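Chemist: Please read through the structure below; I'll follow up with questions.
Computed from the coordinates by the stated procedures, all read-outs in this text should not be read as laboratory data. Here the structure is a predicted model, which is why all the values come from computation and not from measurement. A quick note on method: Cβ atoms are made from the backbone with ideal geometry, for glycine too, and the neighbour counts reach across all protein chains shown.
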Amino acid sequence: MVTNKFDKISIQKCILFHHLVKEGSPAVVARKLKLPSFKVHNDLNSVEKSIGEPLIYRNQNRLSLTEIGQNFAEFCRIVVENLSLVEPSQQLPEELTIATTQGVADIELPGILMDFYKEFPDIRVEVMSGNEYIDFTDPSVDVVIGPHLTNRSDLSQTLLYTDPMQFFSSPEYIERYGAPKTIYELRNHRLLMYKGLKFHPKEVFDTIEPFVSSNSVRNLYALALKGVGICILPRSRLPIEDLEKGRMINIIENFTSYEIKTSFIHRRFSTKRALTDRLFEVAKNYLEREFNGKP
């Protein structure tokens, strides 16, 4: 069998097609693999596009494979039967690469890793921080802690936490410029905004040109403390002491303009699965302790 056309197809899509042939129904496969039905159809179309030929005959009452489809089905069967070769072994890997946002790398990740090292003191860890690393296209990355990735059935993604973004300013800013009483009054103020996020409501923020935009939360917060403007910040990023002592004030009645949703993401099939599963549990427990302790 000629497989050079098949070698570029991902393991996950091979698994999906194997189940499709076995079950004979995209709907059944979607339920079995806990995927939306459109994902099964989209992946099938993607495989056919990569191979350059149809794998199944359309417009028939039952699933019927083309000749190339039969060859690909056999290829997928071999792949699935040999998956045990890449399943986690009892021997732990020696290193782990984590990609995450700059904020998580600076604030939460050190605490997570300290808990992790209590259990795995000899594992070497490489941390890659920045939005350019969290799309999980780098083959060296084992774990991403960041926003959910769409159209990636090869990955296991679990929500870690949701962080509301609210409006904060210093007393000095309010004394000089006044405090907005409604969202619409923000048009008349100097806003310090995190770059790349779409805030709500759109009819307000699509008409606002930020006074300062940055991809650094620390930079925005430092400017807000100095009275430069009103900052939209994740609630978890504010030091409790600054709120308690009035150095930073939550304005517009705790209105949430955006929610940052952070997920723990890793490959479904990996030789490091045992280690990444444990890292997830450590991260979840650490974040629950940290966030439950904040107002």
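Chemist: Wrap a convex hull around the Cα atoms of the range 114-189, take a quarter of its surface area, and give that in square nanometres.
Modeler: Convex hull of Cα atoms, orientation-averaged projection: 9.5 nm².
Chemist: Lys and Arg at +1, Asp and Glu at -1: add these up for the other residues within a Cβ distance under 14 Å of Asn285 and post the number. Mind dumping the intermediate values first?
Modeler: Details: positive: Lys118, Arg278, Lys284, Arg289; negative: Glu108, Asp115, Glu119, Asp277, Glu281, Glu288, Glu290.
That works out to -3.
Chemist: What is the dipole size for the range 163-259, taken about its Cα centre, with +1 at each Lys and Arg Cβ and -1 at each Asp and Glu Cβ, in debye to the nearest 20? Walk me through the numbers on the way to the answer.
Modeler: Numbers: 13 positive and 12 negative charges, 48 e Å.
Its charge dipole is roughly 240 debye.
Chemist: Just rank Met248, Met114, fewest to most, by other beta-carbon atoms within 10 angstrom.
Modeler: Listing Met248, Met114 from fewest to most nearby Cβ atoms yields Met114, Met248.
Chemist: For the chain, with a Gaussian network of springs between Cα atoms less than 10 Å apart, report the residue from Leu65, Leu191, Leu109 with the top mean-square fluctuation.
Modeler: Sorting by GNM fluctuation, first place goes to Leu65.
Chemist: Let me ask something else about it. If you take every residue apart from Gly130 with its C-beta less than 15 Å away from the C-beta of Gly130, what net charge results, scoring Lys and Arg +1 and Asp and Glu -1?
Modeler: -3
Chemist: What is the antiparallel percent of DSSP beta bridges lying wholly in the range 152-295, to the nearest 5?
Modeler: On the way: 16 of 21 bridges.
For the range 152-295, the DSSP antiparallel bridge percentage is about 75.
Chemist: Another question, if that's okay. In the chain, which cysteines lack any other cysteine Cβ under 4.7 Å from their own?
Modeler: Taking the Cβ cut-off of 4.7 Å, the unpaired cysteines of the chain are Cys231.
Chemist: On the first, second and third principal axes, largest extent first, how far apart are the outermost C-alpha atoms of the range 1-153 in Å?
Modeler: 57, 30, 28
Chemist: While we're looking at this one, here's another question. With Cβ to Cβ distances under 14 Å as the rule, what net charge do the other residues near Arg176 carry (K, R +1; D, E -1)?
Modeler: Around Arg176, the charge tally is 0.
Chemist: Can I ask one more? What label, among (i) 1.02; (ii) 1.09; (iii) 1.00, belongs to Rg/Rh (Cα atoms, Kirkwood Rh) computed from the structure on display?
Modeler: Checked against the structure: label (ii).
Chemist: Now a separate question. Based on DSSP, what percent of beta bridges with both residues in the chain are antiparallel, to the nearest 5?
Modeler: 60 percent
Chemist: Here's something else I'd like to know. Expressed as a whole percent, how much of the Cα-Cα distance distribution for the range 163-259 exceeds 22 Å?
Modeler: In whole percent, the share of Cα-Cα pairs in the range 163-259 beyond 22 Å is 17.
Chemist: Take the chain, connect every pair of alpha-carbon atoms lying under 10 Å apart with a spring to form a Gaussian network, then pick out the residue of Asn131, Asn250, Asn61 with the largest mean-square fluctuation.
Modeler: Asn61
Chemist: How many times 2.2 N^0.38 Å is the alpha carbon radius of gyration of the range 11-85?
Modeler: For the range 11-85, the normalised Cα radius of gyration is 1.03.
Chemist: GNM on the chain, C-alpha springs below 10 Å: top fluctuator among Thr262, Thr150, Thr158?
Modeler: Greatest mean-square fluctuation among the candidates belongs to Thr150.
Chemist: Of the options Thr66, Pro139, Tyr286, report the single residue whose Cα projects farthest towards the positive end of the charge dipole of the chain (beta-carbon charges: Lys, Arg +1; Asp, Glu -1).
Modeler: Looking along the dipole axis, the top candidate is Thr66.
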